[in-house]
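The values are calculated or read from the model by the stated rules, or taken from the named source; none is laboratory data. Every value quoted in this text rests on a predicted model; they were computed, and no experiment measured them. Note that each Cβ is placed from the backbone with ideal geometry, even for glycine, and that neighbours are counted across all protein chains shown.
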Amino acid sequence: MTRCRRQATQRLALAPFSATSVTLSVVTGSAGGLGVGGDVEHALENVGVPSYVLDETGIVRWINAAAEELLGDVRGRHFTSVVAPEDSRRARELFSQKVLGTSASTEATGVLVSTAGARVAVELSAVPLRNGERVVGVFGLIEEGPADTDTAPPAQLTPRQVEVLRLLEQGRSTKQIAAELHLSTETVRNHIRRIFQALGVHSRLEAVAAARHV
């Protein structure tokens with residue numbers, strides 16, 4: 001499914017933003033393009049997968065009906081206002097990678113906060129949107145994650161420790177966590193030791209169980 005998402009979204013381009021509107025179009029001139037015409041924005045508006053567009057400053061410029069049903073009307077808000085505090089730093093890093101053109105696509109899990117204040121565990125797939133060679137925004141798809149990952153994190157943990165704990169919940173190894181967060185393996189080990197101390201546990205399994213029963 002992830003591969004299909006990436007193939008679809010990498011063909012999208014974004015017209016220059018105005019204060020109130022955004023226009024999506026299909027790039028057909030490159031080899032392997034979709035080769036069809038059509039109103040992509042209208043199609044995305046009615047598709048059942050929550051979708052969104054951010055401009056290059058991170059403002060939510062467009063969401064489809066499915067995204068609005070999931071999160072409420074977040075148009076005009078900065079994306080970090082929709083991201084749970086413990087995931088904000090990581091979200092900024094991933095957004096910067098796409099705007100700077102250093103990442104063709106990103107896949108991440110996290111927690112979003114709806115306009116009603118509800119925490120929603122999600123999986124995000126996002127790609128940069130280009131106007132010629134210039135990155136002008138980000139297009140993404142949202143998939144709801146497991147319900148047991150949307151609990152508030154332990155208050156005694158730092159944002160970075162929460163990021164590490166979330167990856168432990170996903171079964172990631174120390175090496176995988178280090179690669180995901182761009183940290184050294186020793187730094188990750190130190191975070192894990194401090195998580196154990198903060199939660200009063202002695203293993204990764206106990207840490208995950210303790211976090212889920214806060």
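Taking region 138-162 only, how many residues are modelled with pLDDT of 70 or more, among the aliphatic types (A, V, I, L, M) and over 12 Å from Asp87 (Cα atoms)?
Selection size over region 138-162: 5.
Could you identify the single residue in His202, His191 that is in contact with a Lys or Arg (Cβ under 9 Å, 6 or more places away or on another chain) and at pLDDT 90 or above? Show your work before the answer.
On the way: His202 fails: in contact with a Lys or Arg (Cβ under 9 Å, 6 or more places away or on another chain).
The match here is His191.
Considering (1) surrounded by fewer than 19 Cβ atoms within 10 Å (Cβ to Cβ); (2) part of a helix (DSSP H, G or I); (3) not polar (S, T, N, Q), say which one Arg130 fails and leave the rest.
Unmet condition: (2).
Please determine, by comparing only the residues of region 67-83 that are hydrophobic (A, V, I, L, M, F, W, C) and out of contact with any helix residue (DSSP H, G or I) (no Cβ under 9 Å at 6 or more places or on another chain), which one is surrounded by the fewest Cβ atoms within 10 Å (Cβ to Cβ). Explain how you work it out, then say what you get.
To start, the set of residues in region 67-83 that are hydrophobic (A, V, I, L, M, F, W, C) comprises 67, 70-71, 74, 79, 82-83.
Next, from what is left, pick out any that are out of contact with any helix residue (DSSP H, G or I) (no Cβ under 9 Å at 6 or more places or on another chain): 67, 70-71.
Details: Ala67: 25, Leu70: 18, Leu71: 23.
Looking at the filtered set, the residue picked out is Leu70.
Scanning region 111-127 for residues that are within 10 Å of Ala84 (Cα to Cα) and in contact with a Lys or Arg (Cβ under 7 Å, 6 or more places away or on another chain), which turns out surrounded by the fewest Cβ atoms within 10 Å (Cβ to Cβ)?
That would be Val113.
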